[in-house]
Amino acid sequence: MKKRKGRRETSTLSLSFLDAVTCGFGAIILLLVITKIFEPIRLEESDVQLAGLIQDYEQELNEILGETEEIRRQQRVTEDEVALSAAQIESLERELARIRAAYLTEQSEAEVSAEIEAQLAAAKQSLTDEMERLVDQNRPRPRDYVVGGIPVDSEYIIFLIDTSPSMRRYEWDRVLEHLTETLDVYPTVKGIQVLNDQGEHMFLASRNEWMEDTPAQRARILEELRTWDAFSQSNPRRGIIEAISRYFDPDKQVSLYVYSDDFAQGSGTVDSVVREVDARNRNAQGERMVRIHAIAFPVYWDVFGVHETAADYAVLMRILCQRNGGTFVALPSRRAD
């Protein structure tokens, strides 16, 4: 009886263990089933969330693109405003230069008016004994002492001629005419030179020395001038400085005749050229060394009606003539109107 009781207890224990194991497997299977049931729901929720995120991102992208386009539009507007401002600044700078030139002209006129009586004797170049002898031998009529209002009382003369295309094409006949008239009213001089506005000599062999004034030399100058085609920037600054620096002599009375139609801005402004010539054309006593005359040829007025650089040339040479004992002459227009 005791042996039977022991087998029943063992069988009961084994069955209980199997039941527990079976329940565990059943629970695991139940969890797996539950998980599989709810997995589609989570996937659907994830899809919904992703769709929402994509929509949000697309909306943000559209907003960024809109802001970018607005910034680009503002940039284009800003660039246009900058370009307009630059054009206005350039226009104002030109107007300022014109106003300064006009002011300088008025100032120069006032200075000349204030000093003219006190310095009349010094402003005129007195004739040397040799010139007086020549004048006594062949004294011209009073009206012959001037060419278009320009006094011709010097012993040495320099012609500074603008050889730019505009001068050669439209005014070369008048250049020859006025140079001939100027030579004709001088009975004779001690020396003569011809340069262009860039300071280039007509005759390179005679550079650094005065050419002898003879009928043959005058004829040679006029003949060479007919075909002279030297490079020119249509700016008399360099030629004036070259003539003063190379040919001034305290023992010689020198006059410079400038023939031109234009003052291109490549070599300074009207103010800067006036200051430079003032500094170069004075001796230790502050006296003017070379007398400067000028003739303005109205090429741009005749051809185009008006031109700012041509007006600048007239302003520049009028001031230089006033400040350097010379005369400025503006030739009349050839236009019918």
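Any residue at all in segment 106-118 that's in a helix (DSSP H, G or I), surrounded by 10 or more Cβ atoms within 10 Å (Cβ to Cβ), within 51 Å of the chain's Cα centre (by Cα) and at pLDDT 75 or above? No: zero hits. Number of residues in segment 197-233 that are outside any loop (DSSP other than H, G, I, E, B), hydrophobic (A, V, I, L, M, F, W, C) and touching a residue at least 12 places away in the same chain (Cβ under 8 Å) equals 4. Residue by residue through segment 179-196, note down the ones that are assigned to a loop (DSSP other than H, G, I, E, B) and out of contact with any Lys or Arg (no Cβ under 8 Å at 6 or more places or on another chain). Of everything in segment 179-196, those that are assigned to a loop (DSSP other than H, G, I, E, B) and out of contact with any Lys or Arg (no Cβ under 8 Å at 6 or more places or on another chain) turn out to be Tyr186, Pro187, Thr188, Val189. Counting the residues of segment 167-176 that are over 19 Å from Thr214 (Cα atoms) and surrounded by fewer than 21 Cβ atoms within 10 Å (Cβ to Cβ) gives 6. Just so you know, in segment 86-101 the residues that are at pLDDT 75 or above and of a type in the set (A, V, I, L, M) include one that is surrounded by the most Cβ atoms within 10 Å (Cβ to Cβ), and it is Ala97.
Consider Leu160 carefully, then state whether it is surrounded by fewer than 17 Cβ atoms within 10 Å (Cβ to Cβ) and within 16 Å of Asp261 (Cα to Cα). The answer is no for Leu160.
Would you confirm, using the coordinates I've provided, whether Ser245 is under 21 Å from the mean Cα position of the chain (by Cα), of a type in the set (Gly, Ala, Ser), modelled with pLDDT of 90 or more and not assigned by TED's automatic domain parsing to the domain that holds Glu95? No, not satisfied. Screening Asp302 against (1) more than 23 Å from the chain's Cα centre (by Cα); (2) at pLDDT 85 or above leaves a single unmet condition, (2). Quick check on my filter: what residues within segment 203-239 are touching a strand residue (DSSP E or B) at 6+ places or on another chain (Cβ under 9 Å), within 21 Å of Trp172 (Cβ to Cβ) and of a type in the set (A, V, I, L, M, F, W, C)? If the condition is that a residue be touching a strand residue (DSSP E or B) at 6+ places or on another chain (Cβ under 9 Å), within 21 Å of Trp172 (Cβ to Cβ) and of a type in the set (A, V, I, L, M, F, W, C), then Phe203, Ile221, Leu225, Trp228, Ala230, Phe231 are the ones that fit. Taken together, the residues in segment 249-279 that are within 18 Å of Arg207 (Cα to Cα) and surrounded by 16 or more Cβ atoms within 10 Å (Cβ to Cβ) amount to 5.
The values are calculated or read from the model by the stated rules, or taken from the named source; none is laboratory data. Note that the structure is a prediction, hence the values are computed from the model and not measured. Don't worry about glycine lacking a Cβ; one is built from the backbone with ideal geometry, like all the others, and counts go over all protein chains shown.
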